[in-house]
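The values are calculated or read from the model by the stated rules, or taken from the named source; none is laboratory data. All values reported here derive from a predicted model rather than from experimental measurement. Don't worry about glycine lacking a Cβ; one is built from the backbone with ideal geometry, like all the others, and counts go over all protein chains shown.
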Amino acid sequence: MARHLMIGNDTAVARTAAGILDDGAIEIQKNSASGPTAMLAGDTIADSPQFRVVQGNGKRDIVSPWIYGKDVINWSGKSYAAPVAATVTDTISGTSAAAGSLVLKFVRLGGPSPEFFSFTTTIGASVADSATDVLVEAAFEALTNIPDWLNPLAATTGAATVFTGALRGDIAQSGNTWDYEPANIQLIVESYDGGTQTHTASSTAGTPGYGSGFAVKAFEDSLMGAQYGYYNRIAQPITPLTTADTAETYDMYNIVATKDGSSASQINGVDNLMEVSIAFDNDTAALTSALEGVLNPYLNSVGFGSVTL
């Protein structure tokens, strides 16, 4: 599938004196007798058989391929949903009968193979569960070798210690930035020799959400070739500037069309689809409404329901 990402950064559609779309604006264009022009709210396929999405970066217009309205097979969208980190919890019950050691093992699932990380907490005799969780938190946060996929800060709830997997954009203890989907982690109570106190591990899965600034940037990075013609990082070492703002949140729109109007590829082994995604900063409702006010009537005219985010 040929994929394209257009990013709108809370900027109204306007053009400079030189005719360049303002930086951060998204414009939907149609064909006219005089060439490409802005599609208007209420335009349908009767006004133009083709349309395209245009992104301004202040220097030039970045354009998607022309899409025939009759070839669209999907028009959909999702509102921004915050990503949620995976958590694992050591729930503690009772008072330690004797001094001993607690060994907790973390497992990161996913990737080519599981990864493991363990640490030890020394717990004295006669320590209540309400104090043990603080000891476990302190022992963990005192470590200097916490892997990037674990948040270096833990939390306590009164009789439990909670650990958090890394979210995209988190700064790891190493100083690296986690640039992947939420780390999927589990916890194992590997050993405890302090007697009657019990330690029980549990986990809650994370979710990637939709439209976080860091996720949109990662998507844009993955499309450097299609978007900016940037493939050879040795011969062309200067990476093009990305458009996504990691501090912002985006609604996500998706248009999929066949390249030649057929329902299946006419050449064996060749993908016949193209996808244009629009990441649209959701700070200003009027701008969101304006974008949907152009796209919905056109795509209604070819058989799709309205998308309202």
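Listed by position, the helices (runs of 4 or more DSSP H) contained in segment 211-309 that have at least 1 residues being among the acidic types (D, E), surrounded by 14 or more Cβ atoms within 10 Å (Cβ to Cβ) and at pLDDT 75 or above are 213-222, 285-300. Within segment 133-157, being among the acidic types (D, E) and either crowded, with 19+ Cβ neighbours inside 10 Å or at pLDDT below 95 (or both) holds for D133, E137, D148.
Residues in segment 158-188 that are among the polar types (S, T, N, Q) and farther than 15 Å from S203 by Cβ were compared, and the one that is surrounded by the most Cβ atoms within 10 Å (Cβ to Cβ) is Q173.
Residues in segment 16-51 that are part of a strand (DSSP E or B), surrounded by fewer than 20 Cβ atoms within 10 Å (Cβ to Cβ) and in contact (Cβ under 8 Å) with a residue 12 or more places away in the chain: N31, S32, P36, A38, Q50.
Here G77 does not fit the description of being modelled with pLDDT of 95 or more, surrounded by 14 or more Cβ atoms within 10 Å (Cβ to Cβ), among the small types (G, A, S) and assigned by TED's automatic domain parsing to the domain that holds D170.
Checked against the criteria, T95 counts as surrounded by fewer than 18 Cβ atoms within 10 Å (Cβ to Cβ) and touching a helix residue (DSSP H, G or I) at 6+ places or on another chain (Cβ under 8 Å). Within segment 23-35, being over 22 Å from the mean Cα position of the chain (by Cα) and at pLDDT 95 or above holds for E27, I28, Q29, K30.
Counting only strands (runs of 3 or more DSSP E) that sit wholly inside segment 62-154, those with at least 2 residues that are without any contact (Cβ under 8 Å) to a residue 60 or more places away in the chain and either over 30 Å from V276 (Cβ atoms) or over 21 Å from the mean Cα position of the chain (by Cα) (or both) are 115-123.
When residues in segment 37-67 are screened for being in contact with a strand residue (DSSP E or B) (Cβ under 7 Å, 6 or more places away or on another chain) and farther than 19 Å from H4 by Cα, 7 of them pass.
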